Amino acid sequence: MTSFNFKSKTIAFLDGSLPDGGIKTDSAVFAVHADSFMDSSDSHLSKTKRIDLDVGEKLVFLVENILLTHEADKIIEITELLGYREDAPGIVTAPGLRQNKSVHWLADKRIMSTLYERLKPHLPEYLDGQKLSPNLSHRLNMYRYDKGDVFNPHIDGDWPGFGLSANGEKMVKWEGSRSKLSLVLYLNGSEDGVLGGETAIYDEGKKKTIIKPKKGRGLLFRHGHNKDTVLHEGMIVTGSIPKYVARINILYDENKHFFIRDYSHD
């Protein structure tokens, strides 16, 4: 039973792909309000560290220590309370490509603002001539890899940002910005008993770099359907302890104007 105040509600229903093919038409996205568990002070910034990886011409890097141990554990607790399921709302994958469980939710501004402040010093200020947005997308795509689960080699798509409407009743799509980087945020790792579950980064069709899951570690790379996108794989988990990751989109402004549009799910 949870030891902190926690409220959730379904904020949208989307078509969601299933691991072995097919679509679930009422795949839920949740909104979550929980007691603050993120350390919003600046003291943690000095512990973060960027490490650039040599993957040919591709932009791939790590940011260590994005989350404190209790923060990562609390996010896992929240997502288990929401419940993992086979379908992934709004995500389209070929049959057999994604073999894991997911839950998608909109985190509140306090969580995402703290994450952004920790990441910002390590992010490119400009990509493709477009400036880093002052917000991360508030939509967290969470994945749990149980024993035998894998995410076969793939690229990530680019996305607009998503957040809650002012009254907290709708998911809204942010117009005027779009993602250029994926953040794969590891919520646990070998120190927690996870076996396998590494992320493989490919270059010219060959495995170039293997990244081990580690609690609080972030892996960042270019995505979208372009020459800079990074092919990667969530390798098989071989032990009984699940691996947990969050996929978060890093946004860049497309123009000087920033709009919010209701994301209707009626």
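May I ask you to say which residue of Asp20, Asp39 is acidic (Asp, Glu), touching a helix residue (DSSP H, G or I) at 6+ places or on another chain (Cβ under 9 Å), modelled with pLDDT under 95 and surrounded by fewer than 20 Cβ atoms within 10 Å (Cβ to Cβ)?
So the residue among Asp20, Asp39 that is acidic (Asp, Glu), touching a helix residue (DSSP H, G or I) at 6+ places or on another chain (Cβ under 9 Å), modelled with pLDDT under 95 and surrounded by fewer than 20 Cβ atoms within 10 Å (Cβ to Cβ) is Asp39.
For Lys49, indicate whether it is over 26 Å from Phe162 (Cα atoms) and under 21 Å from the mean Cα position of the chain (by Cα).
Spelling it out, Lys49 is indeed over 26 Å from Phe162 (Cα atoms) and under 21 Å from the mean Cα position of the chain (by Cα).
Hey, any hits in segment 53-64 for a residue that's within 23 Å of Leu181 (Cα to Cα), in a helix (DSSP H, G or I) and of a type in the set (Val, Ile, Thr)? If you could, list the steps in order and put the result at the bottom.
Looking only at segment 53-64, we keep the residues that are within 23 Å of Leu181 (Cα to Cα), and these are 53-64.
Checking which are in a helix (DSSP H, G or I) leaves us with none.
Taking every residue of segment 53-64 in turn, none turns out to be within 23 Å of Leu181 (Cα to Cα), in a helix (DSSP H, G or I) and of a type in the set (Val, Ile, Thr).
Can you tell which of Asp15, Asp87 is in contact with a strand residue (DSSP E or B) (Cβ under 8 Å, 6 or more places away or on another chain), among the acidic types (Asp, Glu) and surrounded by fewer than 16 Cβ atoms within 10 Å (Cβ to Cβ)?
Asp15
Ser165 versus (1) crowded, with 16+ Cβ neighbours inside 10 Å; (2) within 30 Å of Lys7 (Cα to Cα): which is the lone unmet condition?
(1)
Considering every residue within segment 90-112, establish whether at least one is charged (D, E, K, R), surrounded by fewer than 21 Cβ atoms within 10 Å (Cβ to Cβ) and touching a His at 6+ places or on another chain (Cβ under 9 Å).
Yes - at least one qualifying residue is present in segment 90-112.
Residue pairs, Cβ under 6 Å, 6 or more apart or interchain, first in segment 95-115 and among the hydroxyl-bearing types (Ser, Thr, Tyr), second part of a strand (DSSP E or B). List them.
Short answer, once both residue conditions are applied: Ser102/Ala88; Ser102/Tyr143.
From the set of residues in segment 42-74 that are hydroxyl-bearing (Ser, Thr, Tyr) and out of contact with any helix residue (DSSP H, G or I) (no Cβ under 9 Å at 6 or more places or on another chain), which is farthest from Lys9 (Cα to Cα)?
Result: Ser46.
May I ask you to say which residue of Phe30, Phe6 is crowded, with 17+ Cβ neighbours inside 10 Å, of a type in the set (Phe, Trp, Tyr) and in contact (Cβ under 8 Å) with a residue 40 or more places away in the chain?
Among Phe30, Phe6, only Phe30 is crowded, with 17+ Cβ neighbours inside 10 Å, of a type in the set (Phe, Trp, Tyr) and in contact (Cβ under 8 Å) with a residue 40 or more places away in the chain.
Looking for something surrounded by fewer than 20 Cβ atoms within 10 Å (Cβ to Cβ), assigned to a strand (DSSP E or B) and modelled with pLDDT of 95 or more - is there at least one such residue anywhere in segment 226-238?
Within segment 226-238 (the criterion being surrounded by fewer than 20 Cβ atoms within 10 Å (Cβ to Cβ), assigned to a strand (DSSP E or B) and modelled with pLDDT of 95 or more), the answer is yes, since at least one residue qualifies.
Among the residues of segment 125-149 satisfying the criterion of being small (Gly, Ala, Ser) and either crowded, with 22+ Cβ neighbours inside 10 Å or in contact with a strand residue (DSSP E or B) (Cβ under 8 Å, 6 or more places away or on another chain) (or both), which is nearest to Leu106 (Cα to Cα)?
Ser137
In segment 136-162, what count of residues is obtained for those that are under 25 Å from Leu45 (Cα atoms), out of contact with any helix residue (DSSP H, G or I) (no Cβ under 7 Å at 6 or more places or on another chain) and not aliphatic (A, V, I, L, M)?
Counting residues in segment 136-162 that are under 25 Å from Leu45 (Cα atoms), out of contact with any helix residue (DSSP H, G or I) (no Cβ under 7 Å at 6 or more places or on another chain) and not aliphatic (A, V, I, L, M) gives 4.
May I ask you to list pairs of residues, at least six apart or on different chains, whose Cβ atoms are under 7 Å apart, with the first in segment 68-80 being surrounded by 16 or more Cβ atoms within 10 Å (Cβ to Cβ) and the second being modelled with pLDDT of 95 or more and assigned to a helix (DSSP H, G or I)?
Partner pairs satisfying both residue conditions: none exist.
I need the full set of residues from segment 171-195 which are among the basic types (Lys, Arg) and buried (at least 20 other Cβ atoms within 10 Å of the Cβ), in order please.
Selection gives Lys180 alone.
If we keep just the residues of segment 215-225 that are assigned to a loop (DSSP other than H, G, I, E, B) and within 13 Å of the chain's Cα centre (by Cα), which is nearest to Thr79 (Cα to Cα)? Don't jump to the end; show me each part of the working.
Taking segment 215-225 as the starting set, the residues that turn out to be assigned to a loop (DSSP other than H, G, I, E, B) are 215-217, 223-225.
Add one more test, that the residue is within 13 Å of the chain's Cα centre (by Cα), and what stays is 216-217, 223.
Details: Gly216: 16, Arg217: 18, His223: 25 Å.
This residue is Gly216.
Can you tell me which residues in segment 18-44 are polar (S, T, N, Q) and outside any strand (DSSP E or B)?
Ser36, Ser40, Ser41, Ser43
The values are calculated or read from the model by the stated rules, or taken from the named source; none is laboratory data. Fair warning: this is a prediction, and the values are worked out from it, not measured in the lab. Virtual Cβ from ideal backbone geometry, glycine too; neighbours counted across all protein chains shown.
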